[in-house]
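Chemist: This is the structure, below, for whatever I ask next.
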Amino acid sequence: MSEVKLTAETRSEFGKGAARRIRRENKVPGVLYGHGSDPLHLTLPGHELLLALRTPNVLISLDIDGKSNELAIPKSVQRDPLKGFLEHVDLQLVKRGEKVTVEIPVQAEGELAPGGNLLEHVLNALPVEAEATHIPEAVTVSVEGLEAGASIHAKDITLPSGVTLAVDEDAVVLQVLAAQAEEAAEGAETEGAEEVAEA
């Protein structure tokens, strides 16, 4: 997993007005916390941060005020609900070799058995424990030929070396639903409408 280097500045102004001023400068307010240290309030470069966050669980190398270098992973990202720009980010301090619990995206590949079945992602992301500098970007699961009623549990997913599950191994991650259930429901609605029409 690659590291993204960002230059950050500590900030001493807080509140909505200060946050708006920071965003007007195309920067993002953030907080760095972890390891029992006091939270550190930061200002981060907006565009570079946005690009970095395209990678889930990206490892960020922070140059803070040119004095200290810290490693962090994003824990919480707030975006404007309408425009989508970054409003605030929480970063968790990590150290090389340290294990962290994160959620990694689950990607399905392959074709389901014929018959118009539907694949439901019960868990869009799989909670795992991994070394902070070796967090996988995603896990890929084959659903080739799966029939309706089939499900894939957390324990069925092959994880990279050094990565362990942080969820019950029997948790359902993906399941295949029969398409007929929807058709039957639509048919029942139609019958109900006909009965109303006859009355």
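One line per residue, one yes/no per condition, for (1) closer than 22 Å to F14 by Cα; (2) among the hydroxyl-bearing types (S, T, Y); (3) open to solvent by 20 Å² or more (accessible area, probe 1.4 Å):
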site: S37; (1), (2), (3): yes, yes, yes
site: L40; (1), (2), (3): yes, no, yes
site: G46; (1), (2), (3): yes, no, no
site: L49; (1), (2), (3): yes, no, no
site: R54; (1), (2), (3): no, no, yes
site: L62; (1), (2), (3): yes, no, no
site: A72; (1), (2), (3): yes, no, no
site: F85; (1), (2), (3): yes, no, yes
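Chemist: Filter the range 4-20 for residues that are open to solvent by 70 Å² or more (accessible area, probe 1.4 Å), within 18 Å of E48 (Cα to Cα) and not polar (S, T, N, Q); which is farthest from the chain's Cα centre (by Cα)?
Modeler: E9
Chemist: While we're looking at this one, here's another question. Among all residue pairs at least 6 apart or on different chains, which show Cβ distances below 6 Å where the first residue, located in the range 163-179, is on the phi < 0 side of the Ramachandran plot and polar (S, T, N, Q) and the second is part of a strand (DSSP E or B) and open to solvent by 60 Å² or more (accessible area, probe 1.4 Å)?
Modeler: T164/E129; Q175/E120
Chemist: If a residue must be part of a loop (DSSP other than H, G, I, E, B) and closer than 14 Å to L62 by Cβ, how many such residues does the range 3-34 contain? Working first, answer last.
Modeler: Initially, the range 3-34 is screened for residues part of a loop (DSSP other than H, G, I, E, B), giving 11-15, 25-26.
Narrowing further to those that are closer than 14 Å to L62 by Cβ: 11.
Result for the range 3-34: 1.
Chemist: E137 passes all but one of (1) more than 30 Å from R20 (Cβ to Cβ); (2) modelled with pLDDT of 90 or more; (3) of a type in the set (D, E); which number fails?
Modeler: Only one criterion in (1) more than 30 Å from R20 (Cβ to Cβ); (2) modelled with pLDDT of 90 or more; (3) of a type in the set (D, E) is unmet by E137, namely (2).
Chemist: Does at least one position in the range 90-97 carry a residue that is more than 30 Å from V141 (Cβ to Cβ), buried (at least 19 other Cβ atoms within 10 Å of the Cβ) and not aromatic (F, W, Y)?
Modeler: Kept after step one, since they are more than 30 Å from V141 (Cβ to Cβ), are these residues of the range 90-97: 93, 95.
Now narrow it down to the ones that are buried (at least 19 other Cβ atoms within 10 Å of the Cβ): 93.
Next cut, not aromatic (F, W, Y) only: 93.
Checked the range 90-97: at least one residue is more than 30 Å from V141 (Cβ to Cβ), buried (at least 19 other Cβ atoms within 10 Å of the Cβ) and not aromatic (F, W, Y).
Chemist: Still on this structure, please answer the following. Please give the number of the condition T101 fails out of (1) closer than 30 Å to A179 by Cβ; (2) assigned to a strand (DSSP E or B).
Modeler: Every listed condition holds for T101 apart from (1).
Yes/no matrix, rows are residues, columns are (1) within 18 Å of L71 (Cβ to Cβ); (2) polar (S, T, N, Q):
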| position | (1), (2) |
| --- | --- |
| V4 | yes, no |
| T7 | yes, yes |
| R11 | no, no |
| I22 | no, no |
| E25 | no, no |
| G30 | yes, no |
| S37 | yes, yes |
| L40 | yes, no |
| P45 | yes, no |
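This table checks each residue for (1) surrounded by 15 or more Cβ atoms within 10 Å (Cβ to Cβ); (2) modelled with pLDDT under 90.
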site: E109; (1), (2): no, no
site: L118; (1), (2): no, no
site: L126; (1), (2): yes, no
site: S151; (1), (2): no, no
site: L159; (1), (2): yes, no
site: V167; (1), (2): yes, no
site: Q180; (1), (2): no, yes
site: E195; (1), (2): no, yes
site: E198; (1), (2): no, yes
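Chemist: Can I ask one more? Does the range 40-54 include one or more residues that are touching a residue at least 60 places away in the same chain (Cβ under 8 Å) and within 16 Å of the chain's Cα centre (by Cα)?
Modeler: no
Chemist: Can you tell me which residue in the range 132-146 is farthest from R96 (Cα to Cα), limited to those that are open to solvent by 70 Å² or more (accessible area, probe 1.4 Å) and not hydroxyl-bearing (S, T, Y)?
Modeler: It comes out as E144.
The values are calculated or read from the model by the stated rules, or taken from the named source; none is laboratory data. Note that this is a predicted model, so its numbers are computed, not measured. Cβ sites come from the backbone with ideal geometry, for glycine too, and all protein chains shown count toward neighbours. Note: accessible area is taken over every heavy atom of the protein model, side chains too, but ligands, DNA and RNA are not part of it. Shrake-Rupley method; radii C 1.70, N 1.55, O 1.52, S 1.80 Å.
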